[in-house]
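Student: This structure is in structure tokens; I'll ask about it shortly.
The values are calculated or read from the model by the stated rules, or taken from the named source; none is laboratory data. Remember, predicted model here, so these are calculated numbers, not experimental data. Cβ atoms come from the backbone with ideal geometry, glycine included; neighbour counts cover every protein chain shown.
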């Protein structure tokens, strides 16, 4: 049975496919348990539940939250960004909805500041600067949470760069502005307060927001989790498209030892379409009380 609990949509996040296309493709790939976990947004959950029902899939409500996290033994206690996954929460919870609305509004302010920084770089290169009209044009492409990929894609359309990767390499990494992030305690309170469960996402992802920013030692990562995270999380995303076999094995064992839930998903943004490619075991779905 195929399980994928980490997929992003174009409707509410930075994916490339809209919900109807995602579910049609998931059905074609015989995915039976699915979750759309968009960044800082739960606006698509009701539609996702309906589509899952139409295709006879088991659906688990999902969301991906960014947090700011620091540890006194690493980076001189300077914070890094980590991702958390919330599951099985009440999609109508007012406190959760209001907080996510605040975070989404900050994303627009952040995008404006990033464009200001990019203009400084473009000025040095004697290139045409972005204007308010460009900002409006970018916003028109945003269906969900406003993020750097939307700016990157617009830069490609404008001919400033040849592809999204070049946009990040030349401009968006250098010109980044921190997100308005939650703390681990705040994120835990939000998700658990809405009746949900909170997971540490892709903890050993070498290319993403993960504990690798503090240390690439799995043993040290586990110490960090035990020392600072256990009161606030319910589980760990062990199976992920950028976790190697050793990471999956070691994290699965660690989660079992600590009595934590284990989840898994592709983190599919549809470029390429990798949903359903992770070998996520049946026990992941069973942890959520699904009768399969």
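Student: Any idea which of 124, 110 is more than 22 Å from the chain's Cα centre (by Cα) and over 23 Å from residue 7 (Cβ atoms)?
Tutor: Working: 110 fails: more than 22 Å from the chain's Cα centre (by Cα).
Answer to the check: 124.
Student: Let me confirm something: among 282, 292, which residue is over 16 Å from residue 6 (Cβ atoms) and not assigned by TED's automatic domain parsing to the domain that holds residue 229? First the steps, then the outcome.
Tutor: Values: 282 fails: not assigned by TED's automatic domain parsing to the domain that holds residue 229.
The match here is 292.
Student: Which residues, counting only those in the stretch 31-51, are more than 27 Å from residue 111 (Cβ to Cβ) and out of contact with any helix residue (DSSP H, G or I) (no Cβ under 7 Å at 6 or more places or on another chain)? Working first, answer last.
Tutor: Within the stretch 31-51, the first condition is being more than 27 Å from residue 111 (Cβ to Cβ), and the residues that meet it are 31-34, 49-51.
31, 32, 49, 50 - these are the residues of the stretch 31-51 that are more than 27 Å from residue 111 (Cβ to Cβ) and out of contact with any helix residue (DSSP H, G or I) (no Cβ under 7 Å at 6 or more places or on another chain).
Student: Only one of these conditions is not met by residue 85: (1) in contact with a strand residue (DSSP E or B) (Cβ under 6 Å, 6 or more places away or on another chain); (2) modelled with pLDDT under 90. Which number is it?
Tutor: Among (1) in contact with a strand residue (DSSP E or B) (Cβ under 6 Å, 6 or more places away or on another chain); (2) modelled with pLDDT under 90, residue 85 violates only (2).
Student: Kindly establish whether residue 240 is closer than 30 Å to residue 94 by Cβ and under 15 Å from the mean Cα position of the chain (by Cα). It would help to see each step written out before you state the result.
Tutor: Values: closer than 30 Å to residue 94 by Cβ: no; under 15 Å from the mean Cα position of the chain (by Cα): yes.
When the stated conditions are applied, residue 240 does not pass them.
Student: Picking from 28, 54, which residue would you name as being surrounded by fewer than 17 Cβ atoms within 10 Å (Cβ to Cβ), in contact with a helix residue (DSSP H, G or I) (Cβ under 8 Å, 6 or more places away or on another chain) and free of Cβ contacts under 8 Å to residues at least 60 places away in the same chain? Show your work before the answer.
Tutor: Values: 28 fails: in contact with a helix residue (DSSP H, G or I) (Cβ under 8 Å, 6 or more places away or on another chain).
The unique qualifying residue is 54.
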